[in-house]
Number of protein chains: 2
Amino acid sequence: MRYCPQCGHTVNMVIPAGDNRIRPVCPSCDYIDYDNPRLITGTIPLYKGKILLCRRNIEPRLGFWTLPAGFMENQETTSEGALRETLEESGSVAICKQAFSMISIPRINQVHLFYLAELEKDDFRPTEESSEVALFGLDEIPWDELAFSSVTKTIEFFIADHEKGRYGFHEDTIHFNTVSK
Amino acid sequence: MRYCPQCGHTVNMVIPAGDNRIRPVCPSCDYIDYDNPRLITGTIPLYKGKILLCRRNIEPRLGFWTLPAGFMENQETTSEGALRETLEESGSVAICKQAFSMISIPRINQVHLFYLAELEKDDFRPTEESSEVALFGLDEIPWDELAFSSVTKTIEFFIADHEKGRYGFHEDTIHFNTVSK
């Protein structure tokens with residue numbers, strides 16, 4: 001940030017009064033810019049024991065498979081964001097069953113949150129964001145073609161819990177770049 | 001936002017290509033501003049079965065009691081943010097035991113996330129942000145003087161789980177303004 005979004009003046013990078021971090025501060029109108037981590041919300045969409053995956057039609061990781069997920073938007077809850085992304089990326093209507101995984105990725109200032117969700121019916125389709133959408137059995141997961149580490153971890157947690165017959169809430173941290181795995 | 005933070009030009013409020021929401025877009029440098037919900041991270045700091053609360057020394061809700069919590073910052077994980085806020089607001093060093101509650105407040109574009117945490121020792125103090133810091137037994141909670149609905153809900157969840165003898169993960173939504181309750 002070089003210019004104040006409120007008044008257009010050039011900003012200074014300083015520690016605001018009472019704060020302990022350097023932030024863009026406007027010397028003209030006193031605007032302080034707070035840049036905070038973003039939430040990515042998505043689902044593990046389940047249908048008859050299979051997981052719905054989307055083949056990415058957009059960068060990053062174009063051509064790789066992902067769970068449907070994306071940036072949570074203002075005015076929605078975490079589960080509403082997860083279901084909106086599921087609809088946008090896979091054309092499917094799902095129902096959230098429980099929050100399942102929450103993965104911090106401090107290097108890129110993101111927190112990825114996935115819900116266990118169920119599809120009401122076998123109804124999904126390619127979308128602008130997904131060149132292909134398909135159900136995978138737990139022994140059919142395309143591990144080498146998954147788009148992001150948070151997706152890999154979440155599916156691993158799911159399979160482990162499935163084998164135990166009990167689904168918990170899983171928290172983890174990824175310290176490397178998700179895009180390059 | 002009226003001015004582009006990258007180039008200082010006035011922005012237009014339009015739906016960017018491939019998007020479906022109105023955002024500030026710069027006609028000069030093509031910068032798009034994405035404003036997303038923020039995560040507030042905090043703890044239920046426990047010591048010998050009591051909960052540490054902080055009496056707010058800052059607005060909003062100055063003078064009311066709260067669990068220590070605040071905006072998650074870039075470059076940290078959710079639990080690191082929760083422990084940093086606990087230290088900043090109460091002067092106490094805690095250890096996160098588990099993620100406990102996650103409360104969406106869509107009206108103010110926030111998600112509040114609280115961890116169960118334990119204090120290693122009986123060591124806390126007033127801070128710039130807290131005029132008073134004290135331990136409360138579960139039958140001593142100052143319900144009518146709690147600062148935020150998310151704090152009230154989280155302590156209610158805690159007491160219910162405590163009575164069951166098993167601590168889960170709780171998700172909820174608050175549809176009204178937390179400040180005015």
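The values are calculated or read from the model by the stated rules, or taken from the named source; none is laboratory data. Just so we're clear, the structure is a prediction, and the values are computed from it rather than from any experiment. As a convention, Cβ positions derive from the backbone with ideal geometry for all residues, glycine included, and neighbour counts pool all protein chains shown. Side chains included, ligands, DNA and RNA excluded: accessible areas come from the protein's heavy atoms. Shrake-Rupley method; radii C 1.70, N 1.55, O 1.52, S 1.80 Å.
Report whether or not residue A:64 is among the aromatic types (Phe, Trp, Tyr), within 8 Å of another protein chain (Cβ to nearest Cβ) and either under 18 Å from the mean Cα position of the chain (by Cα) or loosely packed, with under 14 Cβ neighbours inside 10 Å (or both). So that I can check it myself, show each step before the final result.
On the way: among the aromatic types (Phe, Trp, Tyr): yes; within 8 Å of another protein chain (Cβ to nearest Cβ): no; either under 18 Å from the mean Cα position of the chain (by Cα) or loosely packed, with under 14 Cβ neighbours inside 10 Å (or both): yes.
No; evaluated as a whole, the condition is false for this residue.
Does residue A:22 fit the bill of being more than 10 Å from chain B (Cβ to nearest Cβ), open to solvent by 20 Å² or more (accessible area, probe 1.4 Å), closer than 20 Å to residue B:58 by Cα and not hydroxyl-bearing (Ser, Thr, Tyr)? Steps first, answer last, please.
On the way: more than 10 Å from chain B (Cβ to nearest Cβ): yes; open to solvent by 20 Å² or more (accessible area, probe 1.4 Å): yes; closer than 20 Å to residue B:58 by Cα: no; not hydroxyl-bearing (Ser, Thr, Tyr): yes.
When the stated conditions are applied, residue A:22 does not pass them.
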Next on the checklist: Suppose we keep only residues that are under 15 Å from residue A:40 (Cβ atoms) and away from chain B (no Cβ under 12 Å) within region A:86-108. Which one would you say is surrounded by the fewest Cβ atoms within 10 Å (Cβ to Cβ)?
Outcome noted: A:89
Checklist entry - Does residue A:42 fit the bill of being more than 8 Å from chain B (Cβ to nearest Cβ) and not in a loop (DSSP other than H, G, I, E, B)? => result yes
Next on the checklist: Would you confirm, using the coordinates I've provided, whether residue B:37 is facing chain A (nearest Cβ under 10 Å), closer than 26 Å to residue B:116 by Cβ and surrounded by 19 or more Cβ atoms within 10 Å (Cβ to Cβ)?
Outcome noted: yes
Checklist entry - Could you list, in sequence order, the residues of region A:109-129 that are of a type in the set (D, E, K, R) and either closer than 21 Å to residue B:78 by Cα or in a loop (DSSP other than H, G, I, E, B) (or both)? => result A:120, A:121, A:122, A:123, A:125, A:128, A:129
Item to check | Flag if residue A:79 is within 13 Å of chain B (Cβ to nearest Cβ), part of a strand (DSSP E or B) and not β-branched (Val, Ile, Thr) | outcome: no
